[in-house]
Amino acid sequence: MSTDRVLDRVRAANPAPAAVITDEELFAWIVAEPGDSRLVRPTRRRRARWLALIVAGVVFAGTGGALGLGVLSHASPKALFEADPQGQYSRRARLPGQITRGTGQTVIASTVHLATTFTIPGFGRFQWWIAISRPSGWLCGAIRQPDGTWADLGTPGDKYQLGGPVPGCGTLPWHDAEGFAYNQSAAQTPDGRVWRIAYGYTPTTGHPVEIRDKVSGATVPIGDGRYFAIVMPQNRPGYQLQTLDRAGHVLVTDQFDPGE
Amino acid sequence: MDDRSAAEARFAGVFAHLGLITAYARRRGAHDPDALAAEAMAIAWRRLADVPADDPRPWLIATARNLVLADRRRHGTPVGDLDGIEPAALPSPTVELDPELEVALRSLSSQDREALLLVAWEDLTPSAAAASLGISAAAFRVRLHRARRRLVYELETRTRRHALDNCQPSLEQL
């Protein structure tokens, strides 16, 4: 049997040929979620309106406490995750006539902890807090800013304007072919410089201890087992993350990210 | 066209491959292929800038592969080789795979088998299949050639063995 014929035989034996599937409901549900911020710029005004609705909903529903925006912006990590702004945002971002799904996640309070910190020159030190949710075991995440407020809550007078997902459960993982999973943000400091921030978790290959941006050379240690947050100058063309082991050997190289 | 409409139009081109990803997940033994494909599409929407506009299939398959691996870890199933996941559930629940072919496929290394199946079942070109595995096209072609040659060898060996078995005279004939 020739090698051409054997390929034909395998083709013919395909146990589950691909069929054309048109699932308009699924499509509408997916695109109702916040899209890729690099293509769909978040409209702060709209986000603020949703958050105003969240606050109104929380306050007027009388869910056991007056979690107004002012309170939530300085809430404890546990209180923030329990309020789950991301889930609220998701529930309200649906299209008319769609089923209200939200994220359906509830934070597991005992898993709330500080994953790592990162420093943006000119701004100061930020903290990345994480937790795990039930029932899906998603990663919950939120960035606490140097002044104690939470990033991306649409807080009036937010001087950092970090950009990124609304805090809550389901903001990660972003899988990619190389096994990295991370969020991306950007911030402009008062001196006009723009910084990219990538924060997430590393591939499990080997024993990584450090993350490096191959383009800028920036490095950062891996905290809490798998988590990292790296700040990179935006005066470089994109970035490309790598994990390094204790000896400095490259374990995994992420795909090049234009970082626009 | 505003940013959002443009992104939705671009995503529609990606979403058109939902059937391919569902089939991929089913063939690779995902516990819930429909849900896995939906999750892959949701990830594609969130990372649309990373999804190649000309041919999103390699990116989608790579993402689906990661999700299948995560699915297996959650269910306590051995994940096999990360470079070429073990298609443990080669036959789908509804369609039987030719037993002779199934045995021959299982005799290949997981990397070789994945290379073969990406071309034969996912209908990817060698370049696209290489992209989905994160290896060079040249390396993939070598892997594919080796897989085809080994599969031919396995099938022919089994055929010869089968023929020999049939030629053995029975005790009654002797």
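Give the residues of the range A:213-260 that are closer than 24 Å to A:His113 by Cα and among the basic types (Lys, Arg), sorted by residue number.
First, the residues of the range A:213-260 that are closer than 24 Å to A:His113 by Cα: A:219-231, A:243.
A:Arg226, the sole residue that qualifies.
Examine the range B:44-51 for a residue that is touching a residue at least 60 places away in the same chain (Cβ under 8 Å) and closer than 29 Å to B:Ser110 by Cα, and state whether such a residue exists.
Pass one, the range B:44-51, residues touching a residue at least 60 places away in the same chain (Cβ under 8 Å): none.
There is no residue in the range B:44-51 that is touching a residue at least 60 places away in the same chain (Cβ under 8 Å) and closer than 29 Å to B:Ser110 by Cα.
Given the residues B:Arg113, B:Arg143, which is the only one that is of a type in the set (Lys, Arg) and either closer than 19 Å to A:Asn14 by Cα or within 11 Å of another protein chain (Cβ to nearest Cβ) (or both)? So that I can check it myself, show each step before the final result.
Working: B:Arg143 fails: either closer than 19 Å to A:Asn14 by Cα or within 11 Å of another protein chain (Cβ to nearest Cβ) (or both).
The match here is B:Arg113.
Just one of the numbered conditions (1) more than 8 Å from chain A (Cβ to nearest Cβ); (2) surrounded by fewer than 20 Cβ atoms within 10 Å (Cβ to Cβ); (3) at pLDDT 85 or above is not true of B:Ala64; which one?
(2)
Please go through the range A:132-151 and pick out each residue that is modelled with pLDDT under 90 and out of contact with any Lys or Arg (no Cβ under 8 Å at 6 or more places or on another chain).
Hits for the range A:132-151 are A:Ile132, A:Ser133, A:Arg134, A:Pro135, A:Ser136, A:Trp138, A:Leu139, A:Cys140, A:Gly141, A:Gly148, A:Thr149.
Being more than 7 Å from chain B (Cβ to nearest Cβ) and part of a helix (DSSP H, G or I) is the filter here, so list the residues in the range A:1-33 that pass it. Talk me through it step by step, then tell me what you get.
Start the filter on the range A:1-33 by keeping residues that are more than 7 Å from chain B (Cβ to nearest Cβ), which leaves A:2, A:4-5, A:8, A:12, A:22, A:24-25, A:28-29, A:32.
Those that are more than 7 Å from chain B (Cβ to nearest Cβ) and part of a helix (DSSP H, G or I): A:Asp4, A:Arg5, A:Asp8, A:Ala12, A:Glu24, A:Glu25, A:Ala28, A:Trp29.
Take the conditions farther than 22 Å from B:Leu116 by Cα, more than 18 Å from the chain's Cα centre (by Cα) and either modelled with pLDDT of 85 or more or not polar (S, T, N, Q) (or both) and apply them to B:Ala35. Does it pass? Spell out the reasoning first.
On the way: farther than 22 Å from B:Leu116 by Cα: yes; more than 18 Å from the chain's Cα centre (by Cα): no; either modelled with pLDDT of 85 or more or not polar (S, T, N, Q) (or both): yes.
So B:Ala35 does not fit the description; no.
Let me confirm something: among B:Asp54, B:Asp71, B:Asp32, which residue is buried (at least 21 other Cβ atoms within 10 Å of the Cβ), more than 9 Å from chain A (Cβ to nearest Cβ) and acidic (Asp, Glu)?
B:Asp71
Can you find even one residue in the range B:1-11 that is within 22 Å of the chain's Cα centre (by Cα) and surrounded by fewer than 21 Cβ atoms within 10 Å (Cβ to Cβ)? Walk me through it before giving the result.
Restricting attention to the range B:1-11, the residues satisfying the condition of being within 22 Å of the chain's Cα centre (by Cα) are none.
The answer is no; no qualifying residue exists.
Which residues, taken from the range A:189-214, are crowded, with 18+ Cβ neighbours inside 10 Å and of a type in the set (Val, Ile, Thr)?
Passing the criteria: A:Ile197, A:Thr202, A:Ile211.
For the range B:1-32, give me each residue that is modelled with pLDDT under 85 and in contact with a Leu (Cβ under 6 Å, 6 or more places away or on another chain).
Within the range B:1-32, B:Ala30 is the sole residue that qualifies.
The values are calculated or read from the model by the stated rules, or taken from the named source; none is laboratory data. Only a predicted model underlies this, so the values are computations on that prediction, with no experimental measurement involved. For neighbour counting, all protein chains shown are included, and Cβ atoms are generated from backbone atoms with ideal geometry for every residue, glycine included.
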